[in-house]
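Visitor: Right, I'll just put the structure down here and ask away after.
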Amino acid sequence: MEHFDCVVVGGGMVGAASALTIAQLGLKVAVVEKFPPKDFSAEQPLDLRVSAISLASQNLLNQVGAWQQVQQWRSCPYKRLGVWEHERAYTEFNADNIEQSHLGDIAENRLIQLALWQRMESMSNIHTYCPESLLSLNQDDNTGDNKVTLTLSNSVITAKLVIGADGAQSKVRQMSAIGMTGWDYQQSAMLINIETSLCQQDITWQKFSPTGPVAFLPLPGESSLGGYASLVWYHQRDEITRLAALSNSQLEHEILKCFPKQLGNIKVLSKGDFSLTRRHANTYQHKRILLLGDAAHTINPMAGQGVNLGFKDVLALQHVIAEAISHGEAWHDEVVLARYEKMRRKDNLLMMSTMDALYVGFSHPSPLIKAARNLALLAVNKVPVLNTSIKNKALAYACGL
Ligand SMILES: Cc1cc2nc3c(=O)[nH]c(=O)nc-3n(C[C@H](O)[C@H](O)[C@H](O)COP(=O)(O)OP(=O)(O)OC[C@H]3O[C@@H](n4cnc5c(N)ncnc54)[C@H](O)[C@@H]3O)c2cc1C
């Protein structure tokens, strides 16, 4: 039976980044993942699952040596962020305002994961179990060593600390009986990859409406129409189900009818629909089990912050473990791990609640509330003192700075 300092269950973007940052501290790490990431070749079409990767997340990915590889493969930096409901309340955030070259990059989730896996392969203190699945966890160690035993499909391993980074439906969370609160939003989201005729690859924009926002995310590369982009269409669940059943050309027609004129001419390439849930684990750590990323919290993706919060968890955990090691403490002790929860819970909750306030505020049909939200956007854009203070603070926060 092999023993590790730390076993990470789930080798997605967050789990793989965490394995690397913990291995950087000299600990012996294992990663258990169900599906091996697929190799990259430049001819592969752009994947539907993309994320807006903040500057802070790019710093983390640089720290573990993965970001340069993602950029070499493909990603699309953006400099501007536009939001509006009423045309006259259009508000634009620009990287120049916070003295940055760009606000973030749109990158494919699978390429971020793959770049992290390539870095994991180069670390002699990381062992991967893949394809493998977690069958059971035993936190009750009678030997006095305080180990957790993990039974996988083909092996049994032990660890001082088990990290659940196995996503929204986390088995680790369920098996360790950590409860959670949450609900399903009334809206679903449809992701649509398109070719676009307009050259606007330096901006990501979002137009709000009471049925849900529609968003444009630029993607890298040149297409026969001009460029590529990812559209996100939020709407009532029934409407998204109807849209998902349409042919690409029927969907094109619907998009041109419902998206703002800023979109220009398009061709639909691929599409997929996703339900939206909010979940928050009641605790992030219990009896040598610790939760990270979507296993601990899932939020409305409206502001593209889900994986960015997960990467902040990763950095916080590395920080508390490093400090404990340098002070000669048992780094896997509950007292130490509680510091990670203290650092992250409030910040995650704040972002989740902000997204919910936006969701409720912008989907409210009352004309009075509609006028108030447009006035607020207008004020942030036009009143100089608000423009420089609130706007730039919000922008720096969204970039994770
Ligand atoms: C429509 C939509 C748009 C989004 N856009 C953005 C965005 O622009 N920016 C952003 O920051 N976030 C965005 N998000 C959120 C983001 O996708 C998630 O926060 C992120 O993928 C979470 O990463 P993770 O590694 O925690 O979990 P996951 O990506 O779910 O990875 C979990 C991993 O664990 C593995 N696994 C699961 N169970 C087991 C098991 N029992 N044994 C072994 N392995 C297991 C899985 O195979 C997977 O590889 C969006 C989400 C949605 C739904």
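The values are calculated or read from the model by the stated rules, or taken from the named source; none is laboratory data. Keep in mind that this is a model prediction, so the values were computed, not measured. In this analysis, Cβ positions are derived from the backbone assuming ideal geometry, glycine residues included, and neighbour counts consider all displayed protein chains. Heads up: the accessible areas ignore ligands, DNA and RNA and are worked out on the full protein's heavy atoms, side chains in. Shrake-Rupley method; radii C 1.70, N 1.55, O 1.52, S 1.80 Å.
Visitor: Using the Cβ atoms and a cut-off under 14 Å, what net charge is assigned to the surroundings of L152, where Lys and Arg are +1 and Asp and Glu are -1? Intermediate results must be reported in sequence, preceding the final value.
Guide: On the way: positive: K34, K171; negative: E2, E33, E132, D166.
Combined, the nearby Lys, Arg, Asp and Glu give -2.
Visitor: Let me ask something additional. Out of the total accessible area of the chain (probe 1.4 Å, heavy atoms of protein only), what percent is carbon and sulfur? Each step should come with its number before you reach the end.
Guide: On the way: 9520 of 17470 Å².
Reported share for carbon and sulfur atoms: 55 percent.
Visitor: Here's a follow-up. Before rounding to the nearest 500, sum -39500 (n - 2.57) across all DSSP H runs of length at least 4 in the chain and divide by the residue total; then give [θ] at 222 nm in deg cm²/dmol.
Guide: Numbers: 11 runs with 138 residues, N = 401.
Computed mean residue ellipticity for the chain: -11000 deg cm²/dmol.
Visitor: Which of the aspartates and glutamates could be linked to K261 by a straight reach, that is with a Cα gap under 20 Å, when you skip same-chain ones fewer than 8 residues away?
Guide: Within reach: E85, E87, E92, E195, D202, E252.
Visitor: Follow-up question, since we're still on this one. Strictly over 31 Å apart at the Cα level, which of K79/K346; K171/K267; K147/K312; K34/K147; K38/K391 would you flag in this model?
Guide: Values: K79/K346 29 Å; K171/K267 39 Å; K147/K312 27 Å; K34/K147 23 Å; K38/K391 40 Å.
In this structure, K171/K267; K38/K391 exceed 31 Å between Cα atoms.
Visitor: Right, next: Give me the aspartates and glutamates in straight-line cross-link reach of K342: C-alpha distance below 14 Å, same-chain residues under 8 apart excluded.
Guide: D313, E334
Visitor: I need the fraction of alpha carbon pairs in segment 186-276 separated by more than 18 Å, rounded to a whole percent.
Guide: Details: 1560 of 4095 pairs.
Above the 18 Å cut-off, segment 186-276 has 38 percent of its Cα pairs.
Visitor: A further question on this structure: Would you mind counting up the charge near T128? Only other residues with Cβ under 10 Å from its Cβ, with Lys and Arg at +1 and Asp and Glu at -1. Kindly include the intermediate steps, with their values, before the conclusion.
Guide: On the way: positive: none; negative: E33, E121, E132.
Neighbourhood net charge equals -3.
Visitor: Okay, next question. Based on the inverse mean of 1/r over its pairs of different Cα atoms, what is the Kirkwood hydrodynamic radius of segment 107-190, in Å? Provide the component values of the computation, followed by the final result.
Guide: Working: mean 1/r = 0.0634 Å⁻¹.
That comes to 15.8 Å for segment 107-190.
Visitor: If you average the alpha carbon positions of segment 211-254 and of segment 289-356, how far apart do those two centres end up, in angstrom?
Guide: 33
Visitor: For segment 176-183, in order, what is each residue's ³J(HN,Hα) by Karplus, 6.51 cos²θ - 1.76 cosθ + 1.60 with θ = phi - 60°, in whole Hz (x at glycine and Pro)?
Guide: So the Karplus estimates, Gly and Pro as x, are 8, 6, 8, x, 8, 10, x, 7 Hz.
Visitor: A further question follows. Just flag the trypsin sites (Lys or Arg not before Pro) in segment 122-176 sitting in loop per DSSP whose Cβ has no more than 15 other Cβ atoms within 10 Å.
Guide: Values: sites: K147, K160, K171, R173; in loops: K147.
Taking segment 122-176 and a limit of 15 other Cβ atoms within 10 Å, no loop trypsin sites (Lys or Arg not before Pro) are found.
Visitor: Mind giving me the nanometre distance, one decimal, between the label points for K261 and E43, set 7 Å out from Cα along Cα→Cβ?
Guide: It works out to 4.2 nm between the two label points.
Visitor: Let me ask something else about it. Write down the accessible area per residue of the chain in Å², having rolled a 1.4 Å probe over the full set of protein chains.
Guide: On the way: 17470 Å² over 401 residues.
Ligands and nucleic acids excluded, the figure is 44 Å² per residue.
Visitor: Measure off 7 Å from each Cα along the Cα-to-Cβ vector at S326 and S249, then give the distance between these two points in nanometres to one decimal.
Guide: So the label points at S326 and S249 sit 6.4 nm apart.
Visitor: Could you please state, rounded to a whole Å, how far the C-alpha centre of segment 105-147 is from the C-alpha centre of segment 24-101?
Guide: 21
Visitor: So if I take the alpha carbon set of segment 53-136, get Rg, then get Rh from the Kirkwood formula, what is the Rg over Rh ratio? Walk me through the numbers on the way to the answer.
Guide: Values: Rg = 17.7 Å, Rh = 15.4 Å.
That ratio is 1.15, to two decimals.
Visitor: Another question, if that's okay. Taking GluC sites (Glu not before Pro) that fall in a DSSP loop and have at most 14 other Cβ atoms within 10 Å as cut points, what is the longest piece of the chain between them? Intermediate results must be reported in sequence, preceding the final value.
Guide: On the way: sites that count: E43, E99, E329.
Counting at most 14 other Cβ atoms within 10 Å as exposed, the longest clean stretch of the chain is 100-328.
Visitor: Further question on the same structure: Just to check, using Stokes-Einstein with a Kirkwood Rh over alpha carbon pairs, what's the diffusion coefficient of segment 117-276 at 4 °C and 1.567 mPa s in µm²/s?
Guide: Details: Rh = 19.6 Å.
For these conditions, the coefficient is 66 µm²/s.
Visitor: Right, here's the next one. When the Kirkwood radius is taken over all Cα pairs of segment 194-332, what Stokes-Einstein diffusion coefficient follows at 20 °C and 1.002 mPa s, in µm²/s? Intermediate results must be reported in sequence, preceding the final value.
Guide: On the way: Rh = 18.0 Å.
For these conditions, the coefficient is 119 µm²/s.
Visitor: Does the chain come out rounded, prolate or oblate, given a ≥ b ≥ c as the square roots of the eigenvalues of its C-alpha gyration tensor, rounded meaning a/c under 1.5 and, failing that, prolate meaning a/b above b/c?
Guide: On the way: a/c = 1.85, a/b = 1.64, b/c = 1.13.
Since a/c reaches 1.5 and a/b is larger than b/c, the shape of the chain is classed as prolate.
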